[in-house]
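The values are calculated or read from the model by the stated rules, or taken from the named source; none is laboratory data. Just so we're clear, the structure is a prediction, and the values are computed from it rather than from any experiment. So basically every Cβ, Gly included, is an ideal-geometry build from the backbone, and we count neighbours across all protein chains shown. Quick note on the areas: whole protein, heavy atoms, side chains included, nothing else; ligands and nucleic acids left out. Shrake-Rupley method; radii C 1.70, N 1.55, O 1.52, S 1.80 Å.
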Amino acid sequence: MITDDLFGYDASLPPVPELGADTLLMRQFIDDSLALQIIESVKHIHAHAPFRHMTTVTGGRLSASMTSCGQWGWLSDAHGYRYSEYDPLTNKPWPSMPALWRDLAAKAASQAGFEGFVPQTCLINCYKTGSKLSLHQDKDEHHLGAPVVGFSLGIPAIFCWGGLSRQDQTLQFPLFHGDALVFGGADRLRYHGILPIKRHHHALLKSCRLSLTFRQIF
Ligand code: SIN
Ligand code: FE2
């Protein structure tokens, strides 16, 4: 059982076992010099495509604020979920994906056994204390052969990792600043989510957690 004690993160911790044959968690994949560059790019993206709280089809408000970069951006509203080439807030294309991000995502995918990953979108989630992401599948992409690559920055989160059915038992484990999580293949449609974020402080991002999730859509 993983408890909050693990928030006193010890770099020698082994990767969480048994996430799946096609899933890889890499601790400290992003070092602080890369993290700083990524955070600068997030500020630039936010200036052109601001973080916003989207709604669900039933009118609920997502507690994490989100924006995107790359050719496509993920949207959720009264019409449902979809990818759009335009940001409805600005009526402009999404900011381009920094080359560094693309390269890091491809490197993470390759280390997990997925060669030739070329992300077409990066969804950037900003979590504050209390923000969460309910259990869901990432299934809005047409190209399910490509993995999802996620980077975590800032304060920690507890990730829930389920099975292919919503009812399957979930494993809960922390994601820390710098971690990369790649899931594809047989694990591509596993249910997952983020438990309500606890109050923490991180030197680079204060009380915030950012997740960057890269996807190939077509
Ligand atoms: C997601 O499931 O799309 C994002 C997960 C995360 O915030 O790490
Ligand atoms: Fe997801």
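Here the label points at Phe218 and Leu204, each 7 Å from Cα along the C-beta direction, are separated by 3.3 nm in the simple model. For the chain, what is the relative contact order in percent, using Cα pairs closer than 8 Å and at least 6 residues apart in sequence? Across the chain, relative contact order equals 25 percent. From its DSSP helices (H runs of at least four residues, each -39,500 (n - 2.57)), the chain gives a residue-normalised ellipticity at 222 nm of -4500 deg cm²/dmol.
For the chain, a/c is less than 1.5, where a ≥ b ≥ c are the root eigenvalues of the C-alpha gyration tensor. That puts it in the rounded class. Taking square-rooted eigenvalues a ≥ b ≥ c of the alpha carbon gyration tensor, is segment 103-218 rounded, prolate or oblate, where a/c under 1.5 means rounded and, failing that, a/b exceeding b/c means prolate? Because a/c hits 1.5 or more and a/b fails to exceed b/c, segment 103-218 counts as oblate. When the chain is treated as a GNM with alpha-carbon contacts under 10 Å, the residue of Ala109, Ala47, Ala157 showing the greatest mean-square fluctuation is Ala47. Put a plus charge on the Cβ of each Lys and Arg, a minus charge on the Cβ of each Asp and Glu, and nothing anywhere else: the dipole of segment 129-217 about its Cα centre is then about 340 debye. What shape does segment 166-218 take by its C-alpha gyration tensor, where a ≥ b ≥ c are the square roots of the eigenvalues and a/c under 1.5 counts as rounded, a/b above b/c as prolate, and the rest as oblate? Oblate shape, in that a/c is at least 1.5 and b/c is the bigger or equal ratio. In this Cβ point-charge picture (+1 for Lys and Arg, -1 for Asp and Glu), the chain has a dipole of about 660 debye about its Cα centre.
Build a GNM of the chain with springs between Cα atoms under 10 Å apart, and of Leu164, Leu195, Leu181 the one that fluctuates most is Leu164. The residues neighbouring Thr129, those whose beta-carbon lies less than 10 Å from its own, together hold a net charge of +4 under the Lys/Arg +1, Asp/Glu -1 convention.
Accessible surface comparison of His53, His136, probe 1.4 Å, protein chains only, largest first: the order is His53, His136. Exposure check, 1.4 Å probe, all protein chains in place: Cys160 carries approximately 10 Å² of accessible surface.
Here segment 8-113 is assigned +1 on the Cβ of each Lys and Arg and -1 on the Cβ of each Asp and Glu. Its dipole about the Cα centre then comes out at about 340 debye.
Modelled this way, with points 7 Å down the Cα-to-C-beta line, the labels at Asp31 and His143 are 3.1 nm from one another. A simple spin-label model places pseudo-atoms 7 Å from Cα toward Cβ; at Lys43 and Tyr81 they are separated by 3.2 nm.
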